[in-house]
Amino acid sequence: MYTPPLGKLIQELERLPGIGPKSAQRLAFYILHMPEEEAKALAQAILEARSKIRPCKECFNYTEKEVCEICSDPRRDRSQICVVAEVSDLMAIERMGEYRGLYHVLGGVLSPADGIGPDELTISKLLERVERGGVEEVIIATPPTVEGDVTASYIADLIKPMGVKVTRIALGLPAGGDLDYADPTTILRALEGRREM
Ligand code: ZN
């Protein structure tokens with residue numbers, strides 16, 4: 001139906017989340033009509049992001065350096081670590097602009113059905129960070145879903161015996177569940193309303 005290079009472009013775009021065949025075709029046509037420079041800039045941005053961005057060796061946030069901007073910022077409060085499932089959740093909390101502690105990105109939540117156990121997440125690295133000392137509170141901000149709750153309990157059971165306070169943010173399902181879609185006020189309320197586990 002499509003000439004091969006166009007078919008290939010549509011096929012690749014269709015792999016993106018939330019992009020069906022129709023949207024893929026629309027985007028492909030849009031790209032074909034872009035000025036050459038813009039199309040090149042798009043392709044370049046994808047390649048550059050892929051080659052330069054890597055996980056922070058401390059918190060697994062995306063960074064160009066070994067340690068991310070947040071972890072290396074001396075003004076951040078090192079006594080608090082907020083544990084999130086994905087980098088998008090970290091971004092949502094940062095957008096709120098009130099949280100001054102550090103983060104830890106798990107890379108997902110425990111989900112035995114999908115083959116995601118503790119070893120698939122960055123939990124052991126979180127334990128290492130807590131063991132190093134200086135952490136007074138671990139705030140768990142995994143999503144308010146069954147998997148998110150199971151993950152929170154699993155982590156709390158490992159960290160509480162280390163003598164560190166573990167709290168869970170109070171984000172209700174009506175808020176959409178996803179931190180990324182919650183507005184800053186909702187996130188602030190969820191953080192302020194956190195409860196000890
Ligand atoms: Zn970091």
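The residues of segment 45-55 that are of a type in the set (A, V, I, L, M, F, W, C) and away from the ligand (no atom under 16 Å from the Cβ), listed by number, are 45, 46, 47, 49. In the set 58, 98, 69, only one residue is away from the ligand (no atom under 13 Å from the Cβ) and part of a loop (DSSP other than H, G, I, E, B); that residue is 98. Just checking, how many residues over segment 101-131 are open to solvent by 30 Å² or more (accessible area, probe 1.4 Å) and either under 15 Å from residue 61 (Cβ atoms) or assigned to a helix (DSSP H, G or I) (or both)? Qualifying residue count for the region: 12. When you look at residue 81, is it more than 16 Å from the ligand (Cβ to nearest atom), in contact with a helix residue (DSSP H, G or I) (Cβ under 7 Å, 6 or more places away or on another chain) and open to solvent by less than 10 Å² (accessible area, probe 1.4 Å), yes or no? It is false that residue 81 is more than 16 Å from the ligand (Cβ to nearest atom), in contact with a helix residue (DSSP H, G or I) (Cβ under 7 Å, 6 or more places away or on another chain) and open to solvent by less than 10 Å² (accessible area, probe 1.4 Å). When you scan segment 10-18, do you find a residue that is farther than 30 Å from residue 195 by Cα, of a type in the set (A, V, I, L, M) and assigned to a helix (DSSP H, G or I), even just one? Checked segment 10-18: at least one residue is farther than 30 Å from residue 195 by Cα, of a type in the set (A, V, I, L, M) and assigned to a helix (DSSP H, G or I). Checked against (1) away from the ligand (no atom under 14 Å from the Cβ); (2) in contact with a strand residue (DSSP E or B) (Cβ under 9 Å, 6 or more places away or on another chain), residue 38 meets all criteria but (2).
The values are calculated or read from the model by the stated rules, or taken from the named source; none is laboratory data. Bear in mind the structure is a predicted one, so any value in this text is a computation, not a measurement. Using ideal geometry, Cβ is built from the backbone for each residue, glycine included, and neighbour counts are taken over all protein chains shown. Just so you know, the surface numbers come from the protein's heavy atoms only, side chains and all, with ligands and any DNA or RNA stripped out. Shrake-Rupley method; radii C 1.70, N 1.55, O 1.52, S 1.80 Å.
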